[in-house]
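K.L.:
Okay, here's the structure, questions in a sec.
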Amino acid sequence: MTTLPAQTDKKLGLVIDLDTCVGCHACVISCKGWNTENYGAPLSDQNAYGADNSGTFLNRVHSFEVQPQAPDAAAQLIHFPKSCLHCEDAPCVTVCPTGASYKRVEDGIVLVNESDCIGCGLCAWACPYGARELDQAEDVMKKCTLCVDRIYNENLPEEDRQPACVRTCPAGARHFGDLGDPDSDVSQLVAERGGMDLMPEQGTKPVNKYLPPRPKDAMPEFDVLAPFLEPVAQEPKGFLGWLDKTLEKL
Amino acid sequence: MNQPVLDLSPKVSDEVRKTTCYMCACRCGINVHMKDGPDGKKQVAYIEGNKDHPVNQGVLCAKGSAGIMQVNAPSRLRKPLKRVGPRGSGEFEEIEWDEALKLATEWLEPVRRDNPEKLAFFTGRDQSQSFTSFWAQNFGTCNYAAHGGFCSVNMAAAGIYTMGGAFWEFGQPDWDHTKLFMLFGVAEDHDSNPIKMGIGKIKKRGARVIGVNPIRTGYNAVADDWVGITPGTDGLFILAMIHCLMKAGKMDLNYLAQYTNAPVLVINNPGAADHGLLMRDGNGKELVIDRATGKLTPFDQPGVKPDLAATYEKDGQTHRPVFHQMADMYLDDQYAPENVADRCGIPADRIRAIAAELARVAFEESFELDHAWTDFRGEKHDKMIGRPVSFHSMRGISAHANGFQTCRALHTLQIILGTVEVPGGFRFKPPYPKPATAHPKPHCKVTPDTPLDGPHLGFVHGPEDLALKDDGSPARIDKAFTWENPMSSHGLMHMVISNAYAGDPYKIDVLFMYMANMSWNSSMNTRGVIDMLTDKDENGEYVIPKLIYSDAYSSEMVAYSDLVLPDTTYLERHDCISLLDRPICEADAAADAIRWPVIEPDRDVKGFQSMLCELGAMLKLPGFTNEDGSQKYADYGDYIVNHERKPGIGPLAGFRGENGDQAGRGAVNPNQLDRYIENGGFFVEHIPAGANYYKPWNAAYQDWAVGMGLYDSPQPYLFSLYSEPMRKFQLAAEGHGDRQPPEHLRTRIKEKMSPLPIWYSSEEENQVADFPVTALTQRPMAMYHSWGSQNAWLRQLHGHNPLYLPTKLMRENGLADGDWAKVTSPHGEITVPVLEMAALNKNTVWTWNAIGKRKGAWALEENAPEATRGFLLNHLIHELLPPKGDGLRWANSDPITGQAAWFDLKVRIEKAPAPDESKPGFDAIKSPVGKGPKDLKWKVGK
């Protein structure tokens, strides 16, 4: 058993906008690239060019179709990127038999100390989000580090001190910051847009938040917009008369 | 609690080298992080977007971020290959470059000496077309083009003919000001990051996004409103909105009068050779009635207020302005929403609601920018009026037989709303705007041992510009610029192999291709093309005698080539993303960029363009040889710096002049590439404020463009709502002029070449009665056509491709997820796995493009899912339409441009027993590069 800190100084995390995520997987691959080369063991791939290929990813995008209740309403497609949510009550930490999984006191990032990890996989079972993956080559547990080796990295320009997935997201659907500070940009975004916890009933108190999609297919009905299409004339001849009058006014 | 001590500031890399991505035609700037590898050589460790770059501003898509796996892919070709087994077997021997180039020279020299047209040189996804076309011109063959004909020529040509530019690389929405963005068709890949950035930006502001697409994925998934239109009816939907807007007077009349040919008078002279042409003065200037004086006058005179309403009486005839003809045509009830709703699959009130919303935003949310500007008539304006409605579209509406007219219709919609080149609307990117009249015409005069008489591709303005021989037969192997498809500005790459095989219009001797997977996903009728490439004549010789191919990777096409010239990967080469070619400019700036070898190849390969410099000199091509007969350009980098198209204008616009301080025009700067590298691999020159909107008519922009070398002189022009070149083809079909179409094409030309946009269906030709379902493909955002499958990371995202069926078709056919279905078209059948998708037009099925792979290609294992479950829709599509009993075979192409009509494909679906593998199956080809490693686990740094 490993204990969680009573509280953390900051609650660093991601805010992911499901209204603008187009499902392009840029974040998935950028994460794979950075974390293969950086923190801990590389993210390996098995059967890389064959059948049943698989590999370790710290971030994956899932897509779900939503069928609204209203009759004749069009189905919708929601792209849902998922990585570790850096929960305040992280069950993956408390279940760890060696203390390898831990939550950092200073910023709340949940990490795996790979040298202490025995690859037992209990943490992956305990995580209700499926956000941890056991690397098949190294036999250690891998998970989102929130790019802990980028966000404080003095070898990077200040503007680049953010997770690789946030830096690369073409649609600007990913935001990084301190969700413990109500005045931070990310906290304000969550407040404005009704940011949500993922599966709050699990009691994990995730730090990451999701911004829900805005209502879709809600354009005003034609009868409201009708004045904008009031015909200027019923007959083509009338149209030319209207044209002449209107040009006179211009 | 004891937390481990972490190194929070690890060294990121030993060096950052900035170059340009190649994973699609976006051409983003990238930072390539290099680390010292175990052998002490610098290796690629990590790739990210370049924050300073105008295209991507730091972001990067999945393809770009996976570049390291592209550079390390086991499918990379290693050495020149000479075929030793039969074509298609994949049996090759590796040869030295000396031998390879000698062989190529032996094949090409007699062709050039005797009849250069016997070389067909086509370069698929080439990003160096201004260079490759220059090479082909020097060789002297008329048979050159790139892949535009099977991609989006309709979009490009319709845009240029109508308004001097189209979407994507020609222009972009005014992301900073637009409030309503309407996206038509499958556009997820064109272009990639800038569209995502733009959508993110405008959604943050709360602007509305309307997506018109049978499939609700990607951009359409985040659109506020989704219009799941019946494929191929976009033009009809657009014309219905034009009908509503015109009828309600919701048009920018001032804009139409000043900047378009709507007020230009149309000659009314029934039966005569000039009937329907635009009225012009002795200098060829279009004539309008000046509303101030009531007099006939050239459109561009100072103070003229062109009148949209006035007619002109002469010799007993009433000549009316274009705008009257538009009213006649579009106010007609055939375009009333009620009369198109069923066909488009969109309720009439929804069509009205969208048209009304366009009108509301364009005119009620109009705004002004405080930029004074002067138009080409010398009139001063103290403000710029914004109309915050913008559009974007690409291949989805292009790749239909009605695509050209549909694209014209969309431009007409933008223009009547007055949203082109105004704040909040659609904006051109330099060197556009550039009207069709400012582009070259096609050239096809072949002379032995001599360069061609000019550029191959261009814009025709009437029958006199067609590429025909003296006997009226097609000059080009692909029959571009003929009566079958007069305005085929990008050529017809998809017809080259079948025409060469048929010897129609003539036989060729050497087929030379680059980056074009013609024996697989880049051809319609894949099986047929394979047979054409392998068939032999009565003498036992291949019908297409010699085939030279260049690619960096072991694609399916390699196996069908006689000589394979291995190219480098994108990080091992020089390239220029040139203003002479397909630029990367922004609406506010001209920009170009380079690629440079950030790593050296570890294989015996040569960059294709560098190889052509060498081969060009061996063939003694004038443009590639010095006077003493020696090689003129050592390699492509040397060409990029030293080639001048005109004095002072070369492939790169930046850092010209001896001191590197000149932009656009300037002497050759020997240090130019170094200056680009220092600057991050690109060059940007901003357009001055006040010159950056109304570009076609803005005197300040025109002057800036001349200074940059984009134009030789200011060339303001009117948007062509009415297309006079199209009317000239109609006149020929009506019997006027010396050059006459063949009889069987007369009616079609009269009908389809309407100078005002029309809509027509091709469902009947595709036998919709028996094949009622439309089948589409789209490219996944995370993959670049076939290239993605060799990438160990990307193939985990898209390793196989189900056929997505709407709920209705799943139920009707008793299908469940994971079942298999037989899909039959008039041309062929495939058996493939299916998956249900609800957010899909109820009569449309679709799949991801080019995931399916031939066994043995791309260094994949033969049991890879790409080869066992993946599939191509290409097997269902033929380059010709099904026979219709008239004894003629009609191309499955747009009759105006020849664009391949991929998206007109009609099929029927039925449940099938699950086979072992997708059908049709193909034998494995022997991999010339072996297979990749089983597992990957690497870290470059220590």
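The values are calculated or read from the model by the stated rules, or taken from the named source; none is laboratory data. Predicted model, so just to flag it, every value in this text is computed and none were measured. Virtual Cβ from ideal backbone geometry, glycine too; neighbours counted across all protein chains shown.
K.L.:
Tell me yes or no: at least one residue of segment B:186-198 is among the hydrophobic types (A, V, I, L, M, F, W, C), within 9 Å of another protein chain (Cβ to nearest Cβ), closer than 19 Å to residue A:220 by Cα and in contact with a helix residue (DSSP H, G or I) (Cβ under 8 Å, 6 or more places away or on another chain).
P.N.:
No: zero hits.
K.L.:
Hey, another quick one. Has segment A:36-43 got any residue that is closer than 30 Å to residue B:194 by Cβ, buried (at least 18 other Cβ atoms within 10 Å of the Cβ) and either hydroxyl-bearing (Ser, Thr, Tyr) or under 12 Å from the mean Cα position of the chain (by Cα) (or both)?
P.N.:
yes
K.L.:
Further, regarding this structure: Six or more apart or on different chains, Cβ under 6 Å: which pairs go from a residue in segment B:2-14 that's within 7 Å of chain A (Cβ to nearest Cβ) to one that's in a loop (DSSP other than H, G, I, E, B) and of a type in the set (Ser, Thr, Tyr)? Could you list them?
P.N.:
B:8/A:152
K.L.:
Which of the residues spanning segment B:207-232 are among the small types (Gly, Ala, Ser), at the interface with chain A (Cβ under 9 Å from one of its Cβ atoms) and over 20 Å from residue B:759 (Cα atoms)?
P.N.:
B:218, B:221, B:223
K.L.:
Another question, if that's okay. Considering each of B:910, B:879 in turn, give the residue that is farther than 16 Å from residue B:555 by Cα and either touching a Leu at 6+ places or on another chain (Cβ under 8 Å) or modelled with pLDDT under 95 (or both).
P.N.:
B:879
K.L.:
Also, I was wondering about something else. Of the residues in segment A:92-108, how many are among the β-branched types (Val, Ile, Thr), in a loop (DSSP other than H, G, I, E, B) and more than 10 Å from chain B (Cβ to nearest Cβ)?
P.N.:
2
K.L.:
In segment B:619-634, how many are within 21 Å of residue B:548 (Cβ to Cβ) and surrounded by fewer than 18 Cβ atoms within 10 Å (Cβ to Cβ)?
P.N.:
Residues in segment B:619-634 being within 21 Å of residue B:548 (Cβ to Cβ) and surrounded by fewer than 18 Cβ atoms within 10 Å (Cβ to Cβ): 3 in total.
K.L.:
I'm checking my understanding of the structure. Among residues of segment B:685-725 that are in a helix (DSSP H, G or I) and in contact (Cβ under 8 Å) with a residue 40 or more places away in the chain, which one is surrounded by the most Cβ atoms within 10 Å (Cβ to Cβ)?
P.N.:
Taking the candidates together, the pick is B:705.
K.L.:
Look through A:225, A:247, A:240, A:189 and report the one residue that is under 21 Å from residue B:222 (Cα atoms), part of a helix (DSSP H, G or I) and within 14 Å of another protein chain (Cβ to nearest Cβ).
P.N.:
Only one candidate passes the filter, namely A:189.
K.L.:
Filter segment B:789-836 for residues that are of a type in the set (S, T, N, Q), crowded, with 24+ Cβ neighbours inside 10 Å and away from chain A (no Cβ under 14 Å) and give the result.
P.N.:
Passing the criteria: only B:801.
K.L.:
Could you say whether any residue in segment B:411-427 is in a loop (DSSP other than H, G, I, E, B), out of contact with any Phe, Trp or Tyr (no Cβ under 6 Å at 6 or more places or on another chain), farther than 23 Å from residue B:209 by Cβ and not basic (Lys, Arg)?
P.N.:
For segment B:411-427, residues in a loop (DSSP other than H, G, I, E, B), out of contact with any Phe, Trp or Tyr (no Cβ under 6 Å at 6 or more places or on another chain), farther than 23 Å from residue B:209 by Cβ and not basic (Lys, Arg): absent.
K.L.:
Identify, please: which residue in segment B:912-942 is in a loop (DSSP other than H, G, I, E, B) and of a type in the set (Gly, Ala, Ser) and is, among those, nearest to the other protein chains (Cβ to nearest Cβ)?
P.N.:
B:932
Yes/no per residue for (1) within 13 Å of another protein chain (Cβ to nearest Cβ); (2) surrounded by fewer than 20 Cβ atoms within 10 Å (Cβ to Cβ); (3) over 21 Å from residue A:121 (Cβ atoms):
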| residue | (1), (2), (3) |
| --- | --- |
| A:14 | no, no, yes |
| A:45 | yes, no, no |
| A:59 | yes, no, no |
| A:63 | yes, yes, yes |
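K.L.:
Okay, next question. Take residues that are within 11 Å of chain A (Cβ to nearest Cβ) and touching a helix residue (DSSP H, G or I) at 6+ places or on another chain (Cβ under 6 Å) and tell me which of the helices (runs of 4 or more DSSP H) falling wholly in segment B:31-115 contain 1 or more.
P.N.:
Hits in segment B:31-115: B:62-65.
Condition check ((1) buried (at least 23 other Cβ atoms within 10 Å of the Cβ); (2) touching a Phe, Trp or Tyr at 6+ places or on another chain (Cβ under 8 Å); (3) closer than 18 Å to residue B:216 by Cα) across all residues:
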{"site": "A:67", "(1), (2), (3)": "no, no, yes"}
{"site": "A:73", "(1), (2), (3)": "no, no, yes"}
{"site": "A:78", "(1), (2), (3)": "no, yes, yes"}
{"site": "A:93", "(1), (2), (3)": "yes, yes, no"}
{"site": "A:116", "(1), (2), (3)": "no, no, no"}
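K.L.:
Then there's this: Go over the candidates B:471, B:531 one by one and state the one that is under 27 Å from residue B:107 (Cα atoms), surrounded by fewer than 24 Cβ atoms within 10 Å (Cβ to Cβ) and not hydrophobic (A, V, I, L, M, F, W, C).
P.N.:
Testing whether each residue is under 27 Å from residue B:107 (Cα atoms), surrounded by fewer than 24 Cβ atoms within 10 Å (Cβ to Cβ) and not hydrophobic (A, V, I, L, M, F, W, C) leaves just B:531.
K.L.:
Then there is this: What strands (runs of 3 or more DSSP E) lie completely within segment B:560-629 and have 3 or more residues being touching a strand residue (DSSP E or B) at 6+ places or on another chain (Cβ under 6 Å) and at pLDDT below 95?
P.N.:
Per the criteria, no element qualifies.
K.L.:
Further question on the same structure: Out of all the residues in segment A:18-44, which are hydrophobic (A, V, I, L, M, F, W, C) and in a helix (DSSP H, G or I)?
P.N.:
Passing the criteria: A:26, A:27, A:28, A:29, A:31, A:34.
K.L.:
Another question, then. Might you let me know whether segment A:109-125 holds any residue that is assigned to a strand (DSSP E or B), at pLDDT 95 or above and not hydrophobic (A, V, I, L, M, F, W, C)?
P.N.:
The answer is no, given that none of the residues of segment A:109-125 is assigned to a strand (DSSP E or B), at pLDDT 95 or above and not hydrophobic (A, V, I, L, M, F, W, C).
K.L.:
Out of (1) of a type outside the set (Lys, Arg); (2) more than 17 Å from residue B:802 (Cβ to Cβ); (3) assigned to a helix (DSSP H, G or I), what's the single condition that is false for residue B:867?
P.N.:
Unmet condition: (2).
K.L.:
Say whether the condition of being farther than 29 Å from residue B:141 by Cα and without any contact (Cβ under 8 Å) to a residue 12 or more places away in the chain is met by at least one residue in segment B:598-608.
P.N.:
Checked segment B:598-608: at least one residue is farther than 29 Å from residue B:141 by Cα and without any contact (Cβ under 8 Å) to a residue 12 or more places away in the chain.
K.L.:
Hey, could you check segment A:201-213 for residues that are farther than 14 Å from residue A:13 by Cβ and more than 16 Å from the chain's Cα centre (by Cα) and say which is surrounded by the fewest Cβ atoms within 10 Å (Cβ to Cβ)?
P.N.:
By that ranking, first place goes to A:201.
K.L.:
For the structure I just gave you, tell me whether residue B:254 is more than 30 Å from the chain's Cα centre (by Cα), under 30 Å from residue B:326 (Cα atoms) and not in a helix (DSSP H, G or I).
P.N.:
So residue B:254 fails the test.
K.L.:
Residue pairs, Cβ under 6 Å, 6 or more apart or interchain, first in segment A:160-172 and farther than 14 Å from residue A:17 by Cα and facing chain B (nearest Cβ under 7 Å), second of a type in the set (Val, Ile, Thr) and part of a loop (DSSP other than H, G, I, E, B). List them.
P.N.:
Correct list of pairs: A:168/B:59.
K.L.:
Right, something else. Step by step: first the residues of segment B:472-521, then only those that are of a type in the set (Phe, Trp, Tyr) and on the phi < 0 side of the Ramachandran plot, then the one that is farthest from the chain's Cα centre (by Cα). Which residue is that?
P.N.:
Only one residue tops the list, namely B:506.
K.L.:
While we're looking at this one, here's another question. Within segment A:23-43, can you find the residues that are more than 7 Å from chain B (Cβ to nearest Cβ), within 22 Å of residue B:30 (Cβ to Cβ) and hydrophobic (A, V, I, L, M, F, W, C)?
P.N.:
Correct list: A:27, A:31, A:43.
K.L.:
How many of the residues making up segment A:126-146 are buried (at least 20 other Cβ atoms within 10 Å of the Cβ) and outside any loop (DSSP other than H, G, I, E, B)?
P.N.:
Residues flagged as buried (at least 20 other Cβ atoms within 10 Å of the Cβ) and outside any loop (DSSP other than H, G, I, E, B) within segment A:126-146 amount to 2.
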